[in-house]
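Beneath this line is the structure, given in C-alpha cells, with notes to follow.
The values are calculated or read from the model by the stated rules, or taken from the named source; none is laboratory data. Please read these numbers as outputs of a predicted model, since none were measured by experiment. So basically every Cβ, Gly included, is an ideal-geometry build from the backbone, and we count neighbours across all protein chains shown.
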Amino acid sequence: MGLYVVNTPIISVDEKIEEIYVKVRKISIEEAKELLRKSEFISAVGHEATASFLSKLFQVNIPYNRIYIKYRPSDKAICLKVLQRLPEGKVLSEEEIKQIPFEIYLLEFY
C-alpha cells in the first residue's frame, strides 16, 4: 500500500490494472494529520506554493515533488480539492491559495 499526498483529485491507474474501484471520502484536517503521522507517504504535489501550504496545514513536511503516479489497489491518497475554478495558466502564490475555499478528501483504491 502506498499513501500519497496530491494537490488534485485526478485519478491515473497503472495500465496493467483492468479494473479498480475508488472510494472518495471527505476528511477533516485532523484526520489527514493523523494519517500522515502514522504512515510513510509520498508527496506528488507538483506546485511549490501548494506544497508549502499543505505542509503548514498538516504540520508535516510535504515536499514539492512533481511526479506522475499510477494508483494500484490498496493505495490511498490525501487530496486537496479547491472549490472554485482557477484562472487558466495562473500559478498561485501561497497567500492566494490560503484565500481559496477547499476540502480535503481521502481516496482509497480497491
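Can you tell me which residue among PHE41, PHE58, PHE109 is more than 12 Å from the chain's Cα centre (by Cα) and surrounded by 14 or more Cβ atoms within 10 Å (Cβ to Cβ)?
Numbers: PHE41 fails: more than 12 Å from the chain's Cα centre (by Cα); PHE58 fails: more than 12 Å from the chain's Cα centre (by Cα).
After ruling out the rest, the residue left standing is PHE109.
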Next on the checklist: Conditions first: (1) within 12 Å of the chain's Cα centre (by Cα); (2) in contact (Cβ under 8 Å) with a residue 60 or more places away in the chain; (3) surrounded by fewer than 17 Cβ atoms within 10 Å (Cβ to Cβ). ILE69 passes all but one, so which condition is the exception?
Outcome noted: (3)
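Do you know which of the residues in region 82-96 that are of a type in the set (A, V, I, L, M) and surrounded by 10 or more Cβ atoms within 10 Å (Cβ to Cβ) is modelled with the highest pLDDT? Before you say what the answer is, go through the steps one by one.
So in region 82-96, the residues of a type in the set (A, V, I, L, M) come out as 82-83, 86, 91-92.
Now narrow it down to the ones that are surrounded by 10 or more Cβ atoms within 10 Å (Cβ to Cβ): 82, 86, 91-92.
Numbers: VAL82: 89, LEU86: 80, VAL91: 81, LEU92: 84.
Step by step, filter region 82-96, then rank; the result is VAL82.
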Next on the checklist: Pairs needed: first member in region 51-65, without any contact (Cβ under 8 Å) to a residue 12 or more places away in the chain; second member anywhere, crowded, with 17+ Cβ neighbours inside 10 Å and part of a helix (DSSP H, G or I); C-beta distance under 7 Å; at least 6 residues apart or different chains.
Outcome noted: ASN61/SER55
Next on the checklist: All but one of (1) closer than 16 Å to MET1 by Cα; (2) touching a residue at least 24 places away in the same chain (Cβ under 8 Å) hold for LYS38; state the number of the condition that does not hold.
Outcome noted: (2)
Checklist entry - Of the residues that sit in region 13-69 and are under 15 Å from LEU80 (Cβ atoms) and of a type in the set (Asp, Glu), which one is modelled with the lowest pLDDT? => result GLU48
Next on the checklist: If I ask for residues that are of a type in the set (Gly, Ala, Ser), in contact (Cβ under 8 Å) with a residue 24 or more places away in the chain and not in a strand (DSSP E or B), which ones from region 72-110 would you list?
Outcome noted: SER74, SER93
Checklist outcome for this item: Of all strands (runs of 3 or more DSSP E) fully inside region 1-57, the set with 1 or more residues that are among the small types (Gly, Ala, Ser) and farther than 13 Å from PHE109 by Cα is 42-44
